[in-house]
Amino acid sequence: MSKKTYEDLMGALGRAVYFRPERRRARDIFSRNAGAAVAIGDETYALFDLSLNGLSFTCVTVPASWQPGKEISLAVVVRGQSAYRGRARIARVEPTGAGARVAVALTDGFVDVTRVLELDEDGQLDDDLGAGPEPVRARIPASYREAVERAVHLAQYYRRALARHEARQRHKGREGLERLEALTVRAADALRPRWRELEHAASRAALPLLADPAALRAAKEYTETMLTPLLIEAPMIRRSYTKPLGYPGDYQVMMYYYDNAFEGDSTFARVFHKFFVEHPLSNGVRTRKDLVRDLITSEQERFAELGGDQAHYRVTSLGCGPAREVAEYVARAAGWRGHITWTLIDQEEETLSVAFHDVHRHLARSASRGHISCLNLSFSQILQDPSVLDATEPQHLIFATGLFDYLREPRAQALLAALYQRLAPGGLVAIGNAKSPNLHFWSPEMILDWSLLYRTDEEMRRLGARLPEGAEIEVVLEPGEAYYFLLARKPA
Ligand SMILES: C[S@@+](CC[C@H](N)C(=O)[O-])C[C@H]1O[C@@H](n2cnc3c(N)ncnc32)[C@H](O)[C@@H]1O
């Protein structure tokens, strides 16, 4: 499955302005054994990305003659076979930490990407049939296999039992259907402590694997083979695992969290859907939303104290998703002094539409003055060209939840510094991030293939390393204790 990282998500402007045949990262499209490489003369280099008419590769020592404009002959090699052979012109040589990345434009012919991928898939089939599951199994400690086996047994046992009781009720017609609701609640109550205990045991068994990438990969593959398919009928699990929009945590998943209901077509699916939206990280999504809603309130009151009825309070949410905290603020506030403008930014157009309609519905009923403006942008565009936000004036509160947990430290530090720059004097930036250490990473990481960068208190503080002197920094834990918040205030 090709998964996009949050850094790959470009927003509308990116797609419109920078359109070119899609460049796809080799690590995202090829299997581990593909050995995707570029052969030039007697040397081979690791392929970095590939499109119809161009590619780039990494190179430790770049020959002096490789200047932009120079023509070279090359071959793209996958699974030891030449998938393309032709001439190319060097477009760029970009230094990296370990040498350089060389980008070339193909000058005769094009790469048939579909065929190249097929070559790899055929090789993968040979691997799958030849090696079988034993190498994966052998890579995983017995304690982890036992934890997964217990989870598989529990899931199979209750799937069978609940299907039988569900069928019994369905046979009774209307009366039975009413009883299904009670069956679901009763089953959830009975299973909950067992499933939670099992999640903790599996997290503990998985902890040592976090330091061993090959074992972690094998354990993920094992869990996704053994357990995920048993749970996939639960809507939350299906959407989180299959990632239909290409990335985890899309707006539909966020809505599942916020609705926190029994959903699904069978009692078993409804129970497991609920367990996953009750998971500590999911519960924390709701409690962090409350924290942000309260921050919107307290900062508004603070600001209105100074500015009175003419005050124009400005709030930005980056990676806003459905913007539930804003909708709740507007719905709950009996009214506010002055004027509020919310700027909601997300790379996903569909989520902006959901957010806009939800917030707008409440604003239309409010007697207070408020305005909502949606920007279909990626944070990468903000980093590349901060002027894309010039139309928005300095902000009094900027927050991001469910975004920094995907960004490595240098990117996260740069983004925080860029957001801080957008603050008005006295303004506050609030960044949420999943907490480390914890004993709940197992379900998202291993069952859902949903990786987060969990951060310690110290790592949260380090995000502020590029803030100017004078920034007042604080790290707080939200009430659900699953997410830290870094709060950085600009001096007034
Ligand atoms: C996990 S959701 C969190 C949504 C919301 N903040 C919340 O807590 O309910 C992450 C959101 O970030 C958005 N996102 C991901 N990558 C982004 C990027 N590069 N630029 C802007 N938004 C991004 C996604 O579209 C998604 O709506």
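Scan the stretch 284-297 and tell me whether some residue there is among the polar types (S, T, N, Q), away from the ligand (no atom under 16 Å from the Cβ), out of contact with any Lys or Arg (no Cβ under 8 Å at 6 or more places or on another chain) and at pLDDT 95 or above. Yes, the stretch 284-297 contains a residue that is among the polar types (S, T, N, Q), away from the ligand (no atom under 16 Å from the Cβ), out of contact with any Lys or Arg (no Cβ under 8 Å at 6 or more places or on another chain) and at pLDDT 95 or above.
For Ile398, the criteria (1) in contact (Cβ under 8 Å) with a residue 60 or more places away in the chain; (2) surrounded by fewer than 19 Cβ atoms within 10 Å (Cβ to Cβ) hold in every case but one, which is (2).
Each residue in the stretch 378-413 was checked for being within 24 Å of Tyr483 (Cβ to Cβ), of a type in the set (A, V, I, L, M, F, W, C) and more than 13 Å from the ligand (Cβ to nearest atom), and 1 pass. Would a scan of the stretch 361-377 turn up a residue that is more than 23 Å from Phe276 (Cβ to Cβ), among the polar types (S, T, N, Q), within 15 Å of the ligand (Cβ to nearest atom) and touching a residue at least 40 places away in the same chain (Cβ under 8 Å)? Yes, because at least one residue in the stretch 361-377 is more than 23 Å from Phe276 (Cβ to Cβ), among the polar types (S, T, N, Q), within 15 Å of the ligand (Cβ to nearest atom) and touching a residue at least 40 places away in the same chain (Cβ under 8 Å). Scanning the stretch 319-360 for residues that are within 9 Å of the ligand (Cβ to nearest atom), in contact with a helix residue (DSSP H, G or I) (Cβ under 6 Å, 6 or more places away or on another chain) and on the phi < 0 side of the Ramachandran plot yields Cys320, Pro322, Arg324, Glu325, Asp346, Gln347, Thr351.
Can you pull out every residue in the stretch 79-99 that is surrounded by fewer than 13 Cβ atoms within 10 Å (Cβ to Cβ) and either touching a residue at least 60 places away in the same chain (Cβ under 8 Å) or under 30 Å from Leu125 (Cα atoms) (or both)?
So in the stretch 79-99, the residues surrounded by fewer than 13 Cβ atoms within 10 Å (Cβ to Cβ) come out as 80, 82, 92, 94-98.
Gly80, Ser82, listed by residue number.
Going by the conditions given, is Arg15 within 16 Å of the ligand (Cβ to nearest atom), modelled with pLDDT under 70 and under 20 Å from the mean Cα position of the chain (by Cα)? Yes: the conditions hold for Arg15.
Conditions tested, residue by residue: (1) surrounded by 12 or more Cβ atoms within 10 Å (Cβ to Cβ); (2) among the hydroxyl-bearing types (Ser, Thr, Tyr).
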position: Asp108; (1), (2): no, no
position: Val113; (1), (2): yes, no
position: Leu119; (1), (2): yes, no
position: Gly123; (1), (2): yes, no
position: Gly132; (1), (2): no, no
position: Ser143; (1), (2): yes, yes
position: Ala147; (1), (2): yes, no
position: Val152; (1), (2): yes, no
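The values are calculated or read from the model by the stated rules, or taken from the named source; none is laboratory data. Just so it is clear, the model here is predicted, and its values are computed rather than measured. Heads up, the Cβs are rebuilt from the backbone with ideal geometry, glycines too, and the neighbour counts pull from every protein chain shown.
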